[in-house]
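Quick note: the coordinates plus some simple rules give every number you see, no bench work behind them. All figures in this text were calculated on a predicted structure; none of them were measured in a lab. Note: ideal-geometry Cβ built from the backbone for every residue, glycine included; neighbour counts use all protein chains shown.
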Amino acid sequence: MRLKREPKSERHAREVRNASLADPIRCAGFAMSVVTATYAWHAASAAARIEDAVEAVRPQAEAYIAAGMQTFDLPGLAIGIVADDKLVYSRGFGTRSKNGPAVGPRTVFQIGSATKGFLAATQAIMVDRGRLKWDDRVIDLDPAFSMHDPWVTREFRVFDLLAQRSGLPPYANDALGIVGLDRAALIRSLRYVEPVSSFRTTFAYTNVTHIMAGRIVAKVAAAADWNAVLQKELLDPLGMHDTSYTAAAIETAPDHASGYRWAPTGTVEVPFTQIFPYDFDGAGDINSTVEDAARWLRLQLGHGTFEGRQIVSAANLAATHTPKVAISPTVTYALGWVVQQTPNGTIVWHNGGTSAFGSYFGLLPERNVGVVILTNEANVGLPDALGRWLMDRILGNPPVDVVAEVHKSALANFQRSVDLFARPDKPRPFPPLAPLAGSFVNQGIGKVVVTQEGDGLTMRLEATGARLTLTPWDGEVFTASVVPEGRFKAISEDLGPLPSAFVQFQIGKDGKLGVLHLSFDDGQAYDFTREQ
């Protein structure tokens, strides 16, 4: 039995994956009463300064944003529009926390996977410096790297690390990071993951490969870690002084947003966690503001130049925007960016989603325009929809109200998660618990120890200390929830009330219940064999 459910965290909510990455999100739009105004944006942008065009559509845009926030019970949002190398519009909506102070352009949010574009830029800088080549073999740069297939191990290149075409299953081993495996262990764990597609043929979003990429960038830069390179090569030169990459930094920032988990009944505040996304480095660890993000967009639109200084070469920055694998007939993935064709122009963009924040970074290279949207709610589609709506208004694409569509999908996805964990009406009796206890080993994860506690079981991961409560569900199948203690207390609160996984005790070759099958909510599954 293979059991899984929809993920709940910055592994990206399923709505973000389906509507934005796996199935290109259609443009958001207005009701017919504002269609004329949206097309006026396109006309004005062609005939006048972009500031005038922004002002022309501003009342309708702000009304649409406010309505979307109400639909999703979003506490706070900050938005910025860059054009002609300057921030021409910025504003905060709502509050940093419910009943808290107002959001502004310098409010700090987690940006999640929008960090991947920064990682790609640091790779490009190292290529500029001659420290790397895009086609360097990863195994030559770090012998610790290994995939399940020896040929793939030998052929995996620097440009493959961010290209989302590894052949691995989507979100491969992300959940192991959530339960505390360190960076080295996560990288090592990839060698035990069997591929689900041929190398370089199929889009499949992963994060652990980005940890490897950051490790290589730090090594060739002779830096302590990837964040040190990020600080020196991008944040300092761009003057992004309010941008950081730790939980402590966002928590202590005087003007920071609190994060919220989304549910149909309303959003729930959750704590910052020291583990996710911060242990994932360049896959998603940046905290930033609209004002700082505008500087980043200016660098992108300026072909690597910022205020007269060439920070990264135009050629190598362009390499990060060059498609590497198809997602759909009109959408491709590059290096840390999605490239999307629309009726009236190309959008280069990426979203971000942690367990309690969502973001959208978008570029219109042909128009020299960029948009950033930061929110303090898990990304179930709203920032992407609002960002795409703004892009479509600039391009003059037909309006479609995708905010309503993504809300409908978010509700359906949430209900699927609830239904998946709903106990069967007539569950099979579960076996005696005492014989199920014992030690089990997985080659890539290590040992777990199962002990009986009352009417259930507890499973402890020896490598991290994380404990999961196993609750009888149906026969030999149990649900698993992270125990809220120690450094995993915040993780447990972030994940919410639903369990995180299923555990099934299976019969091994010896005819005994000697296999523990752990299946996380993102589809990743692991078999542990009972120690003799």
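Summary of values
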{"item": "Using alpha-carbon coordinates, inclination of helix 35-47 to the longest axis of the chain, degrees", "result": "60 degrees"}
{"item": "At R0 = 41 Å, FRET efficiency that the Cβ-Cβ distance of Val515 and Arg416 yields, to 0.05", "result": "0.90"}
{"item": "Ellipsoid equivalent to the range 359-403 - semi-axes via the Cα gyration tensor, in Å", "result": "19, 14, 5"}
{"item": "Highest-first arrangement of 473-479, 324-330, where packing means the average Cβ count within 10 Å", "result": "473-479, 324-330"}
{"item": "Using alpha-carbon coordinates, inclination of helix 382-395 to the longest axis of the chain, degrees", "result": "30 degrees"}
{"item": "Set of the range 171-211 residues, backbone N closer than 12 Å to the point 7 Å along the Cα-Cβ line of Asp140", "result": "none"}
{"item": "With Cα atoms, 0 to 90° folded angle of helix 50-71 axis to the chain main axis", "result": "30 degrees"}
{"item": "Arg157 long-range amide H proximity, modeled H, under 5 Å", "result": "Val138"}
{"item": "Peptide ranges 51-62, 290-301 listed from the most packed, as the mean C-beta count within 10 angstrom indicates", "result": "290-301, 51-62"}
{"item": "Burial order of peptide ranges 118-131, 263-276, 415-428 (average beta-carbon count within 10 Å, highest first)", "result": "118-131, 263-276, 415-428"}
{"item": "Where labels lie 7 Å past Cα in the beta-carbon direction, separation of Thr451 and Arg423 in nm", "result": "2.4 nm"}
{"item": "Entry for Rg and Dmax of the Cα atoms in Å (calculated from the structure that is shown) out of (1) 23.1, 77; (2) 24.6, 92; (3) 25.0, 87", "result": "(1)"}
{"item": "Expected 222 nm ellipticity per residue - DSSP helices of 4 or more, -39500 (n - 2.57), all of the chain, to 500", "result": "-8500 deg cm²/dmol"}
{"item": "Taking only Cα atoms of the range 443-531, radius of gyration then Dmax in Å", "result": "12.8, 40"}
{"item": "Nonlocal amide H pairs with Gly76, under 5 Å, H built at 1.01 Å", "result": "Thr95, Asn376"}
{"item": "For the range 132-214, size of Cβ-based charge dipole, Lys and Arg +1, Asp and Glu -1, in debye", "result": "60 debye"}
{"item": "Dipole axis of the range 335-451 (+1 Lys, Arg; -1 Asp, Glu on Cβ), positive-most option in Phe361, Gly396, Pro432", "result": "Pro432"}
{"item": "Per-residue HN-Hα couplings for the range 201-209 [Karplus 6.51, -1.76, 1.60; θ = phi - 60°; Hz; x = Gly/Pro]", "result": "10, 9, 5, 8, 6, 10, 10, 5, 4"}
{"item": "Length released on extending from Glu366 to Asp149, taking residue separation times 0.36 nm less the Cα-Cα span", "result": "74.0 nm"}
